């Protein structure tokens, strides 16, 4: 969907934000902090105040001084939203994942109720963010590096390097920025115990290691993805100790090995269990034709009834501990079916 052209008022507001960013950069340069980030004063127009009640966070963009206990947090991606909700923080604003679904529906409705939608993930509305008067913004360099100066002119902005595979490290950074380290330790410990429980339910570590699991994603406008070992869902599978078929080693940068419907049988080679999700329209994502094909139906795991359709928002888009715990529940249910 094409976004409407900004009104004159909005253009003036965005221009003001950009000028504020220049002012912030000037102040940082004159402050003599010696770092490449935002340590020191002069960042943002949020409610973080001066140096009292703040602490410095090491981010992908350098050191950033943030409030000890931020009260008005804006998050710009699904992982940051999951982290905040998991840590008991309701953001005042968040981007949405896509036009159709808004905030990912695996998140509890009462936890996202009242959060202001500040635009689509890759094109956040800077004016809407500024109007919320945030005292902290959470996002990642891979998503919004090009908007960093504008964002940090609004409020202290904490960026991780990327998203997906390093989600556990990113969660720890989010916890530090939010002042929720104690809560983070509890979350991590509970998740580890949960993963161990699933491993035992499968039959123990040896049985889990002997079970080869593959994940396939149908994506509208792209080839079919056979997920590799360096992405969010791969880490959850590793946490319960299951193995992955050799085809996953073909994944580019460990992320995914992309195939056409005519090569979908590769997803089933040596796989005991298959999980699949769909992003977008099933027909346009080639899901419909693939699942109806003889190649798919001939895959041993499919013939054995060891294939399970799963929610793409939860398994692929969520990227956090709230999502991961829900995935663990599904893994226990499906991997213990006779």
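The values are calculated or read from the model by the stated rules, or taken from the named source; none is laboratory data. Only a predicted model underlies this, so the values are computations on that prediction, with no experimental measurement involved. All Cβ positions, glycine included, derive from the backbone under ideal geometry; neighbour counts span all protein chains shown.
Values computed for the structure shown
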{"read-out": "3 or more residues touching a residue at least 24 places away in the same chain (Cβ under 8 Å) and under 26 Å from the mean Cα position of the chain (by Cα): qualifying helices (runs of 4 or more DSSP H) within region 230-300", "value": "232-239"}
{"read-out": "Subset of region 214-233 (residues that are farther than 21 Å from residue 299 by Cα and buried (at least 16 other Cβ atoms within 10 Å of the Cβ))", "value": "230, 231, 232, 233"}
{"read-out": "Which numbered condition residue 276 fails, given (1) surrounded by fewer than 19 Cβ atoms within 10 Å (Cβ to Cβ); (2) in contact with a strand residue (DSSP E or B) (Cβ under 8 Å, 6 or more places away or on another chain)", "value": "(1)"}
{"read-out": "Unique match (being modelled with pLDDT of 95 or more, under 21 Å from residue 312 (Cα atoms), in contact with a strand residue (DSSP E or B) (Cβ under 6 Å, 6 or more places away or on another chain) and in the same structural domain as residue 317 (by TED's automatic domain parsing)) among 233, 264", "value": "233"}
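The rows are residues; the columns are (1) without any contact (Cβ under 8 Å) to a residue 12 or more places away in the chain; (2) within 19 Å of the chain's Cα centre (by Cα).
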site: 156; (1), (2): no, no
site: 169; (1), (2): yes, yes
site: 177; (1), (2): no, yes
site: 180; (1), (2): no, yes
site: 185; (1), (2): yes, no
site: 194; (1), (2): no, no
site: 204; (1), (2): yes, no
site: 208; (1), (2): no, no
site: 217; (1), (2): no, yes
